Amino acid sequence: LLQLSVPLNFIGFVYREIRQGLTDIEQMFELLEVEPEVVDKPGARELVIARGAIAFKDVHFAYDPERPILKGISFDVPAGKTVAIVGPSGAGKSTISRLLYRFYDIQGGAITIDGQDLREVTQASLRRVIGMVPQDTVLFNDTVAYNIRYGRPSATEAEVHAAAEVAQIKHFIRTLPDGFDTKVGERGLKLSGGEKQRVAIARTILKSPPILILDEATSALDTTTEHDIQSALDVVSKNRTTLVIAHRLSTVISADEIIVLRDGQIAERGTHVALLEKEGLYASMWNRQREATQAEEQLRKVRESD
Ligand code: ATP
C-alpha cells in the first residue's frame with residue numbers, strides 16, 4: 001500500500017503544480033488585460049544581475065499604433081533605490097510596470113537592467129528577478145499558507161509565518177477559522193483588497209527578488225490598513241531596486257525620485273519636497289488628494305457618530 005500511495009501522491013502533487021502554474025499565468029494575463037505576445041529572441045541569453053539597476057531610455061510605446069501611450073520616457077532606478085511614478089489616471093503609469101516585466105515590447109528606445117536590453121534576455125530569467133505586487137492579487141483556491149509559499153515553494157512553515165509577520169498579515173490570519181490552513185480564493189474565504197495585497201507582499205518577501213514592482217491599489221483603504229501596508233512595503237523595498245506605481249501620494253513621500261507622468265511624457269521629476277516647492281502639477285495633485293482625504297475622514301467621523 002505504501003509503495004503505491006507514494007508515487008500517486010507525487011503525481012497528484014506534480015499535476016497540481018502544473019495546473020496552478022498555468023492558472024497563475026492565465027489569471028495574471030487576464031488581470032493585466034494583456035495577451036502573451038512577446039517571444040524570446042532566438043539564442044536569447046539569461047539575464048545576469050549585478051546590482052539590479054534599471055534604465056528606461058527614450059522609451060516609445062503604443063498598444064495601438066494610432067494612439068501613442070509613452071512618448072519618449074527616460075529615467076533610471078539606481079540599484080537599491082526607489083522611484084515612484086505618479087500622474088493622472090490613464091497617463092501610462094501601469095504601462096511602465098508592464099513594460100519592465102516585458103508583457104509587451106517597446107517600439108522605440110530601450111529598457112535595460114544592469115545594461116542588458118530586455119529584448120536580448122529570456123523572459124523566464126527576467127521574471128525570476130522581479131517581484132510584482134499587483135493592484136489586485138489573484139489568490140488560488142487553496143490555503144493561505146499555499147498562497148504565501150507560492151513565492152518560494154521550498155520555504156519552510158517557519159519562513160511562511162515569518163513572511164506573513166513582516167507583511168503585517170499574520171495577526172489577521174490567526175483570526176481565520178483554520179489559521180494558515182484556511183481555504184481562500186473564489187471558492188473559499190474571500191479576502192479584502194488590502195488583505196490580498198498583504199498576502200502578495202508576504203509571497204514577495206519569500207521570493208526575495210532583487211527588483212520589485214509595486215502597483216498600488218487604486219481603491220481607497222482605511223488609514224490603519226494603508227499604514228500597515230506601507231510599513232510592510234517599506235521593509236520589502238529596503239535595499240531593493242523598487243519601482244512604485246503610486247495612486248496614493250502618501251506612499252511616495254520617501255521615494256528617492258518621483259516621476260510625474262502626463263500624456264505619456266515626464267512633466268516633472270524630483271523629490272517630494274522639491275516638487276512641492278515647484279508648485280506645479282505634483283503640488284496641485286498633492287493638495288487635491290489631501291483635501292479629498294480630509295473630506296473622507298470627516299465623512300467617516302460623521303457616520304461613526306450617527
Ligand atoms: P490609472 O491611474 O487609471 O491606473 P495609468 O496611468 O496606470 O492609469 P495605464 O493603465 O498605463 O494608465 O494606461 C494608459 C493608457 O493605455 C490608457 O488610456 C489605457 O486605456 C490604455 N491601455 C491600457 N491597457 C491597454 C491595452 N491592453 N490595450 C489598449 N489600450 C490600453
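Quick notes on this one:
- Once the C-beta distance of residue 39 and residue 141 is scaled by a Förster radius of 22 Å, the resulting FRET efficiency is 0.10 to the nearest 0.05.
- Shape call, region 194-306: gyration tensor on alpha carbons, a/c limit 1.5: oblate
- Mean Kyte hydropathy of -1.0 or more with a Cα span along the axis of at least 20 Å, helices from DSSP in the chain: 2-31, 193-207, 223-237
- Rounded to the nearest 500, the helix-only mean residue ellipticity at 222 nm of the chain stands at -13000 deg cm²/dmol, with each DSSP H run of n ≥ 4 adding -39,500 (n - 2.57).
- Dipole magnitude of the chain about its Cα centre (Cβ charges: Lys, Arg +1; Asp, Glu -1), debye to nearest 20: 460
- log₁₀ of I(q)/I(0) at q = 0.19 Å⁻¹ - region 26-152, Debye sum with one point per alpha carbon: -1.25
- Length added when fully stretched, residue 208-residue 127, from 0.36 nm per residue minus Cα-Cα: 27.9 nm
- Sequence-separation-based contact order of the chain, relative, with Cα cut under 8 Å and 6+ spacing, percent: 22
- Sites residue 175 and residue 298 - FRET efficiency at Förster radius 25 Å, r taken between beta-carbons, to 0.05: 0.25
- Mean-position separation - Cα centroids, region 162-178 and region 179-250, in angstrom: 13
- Within the chain, percent of DSSP bridges classed antiparallel, to nearest 5: 55
- Cα gyration tensor shape of region 140-180, rounded if a/c is under 1.5, else prolate or oblate by comparing a/b with b/c: oblate
- Reciprocal of mean inverse Cα separation for the chain (Kirkwood radius, Å): 20.8
Read-outs throughout are calculated quantities, based only on the coordinates presented, and are distinct from any laboratory measurement. It should be emphasised that the depicted structure is a prediction, and the values quoted were computed from it without experimental measurement. Because the Cβ atoms are built from the backbone with ideal geometry, glycine has one as well, and the counts that use them run over all protein chains shown.
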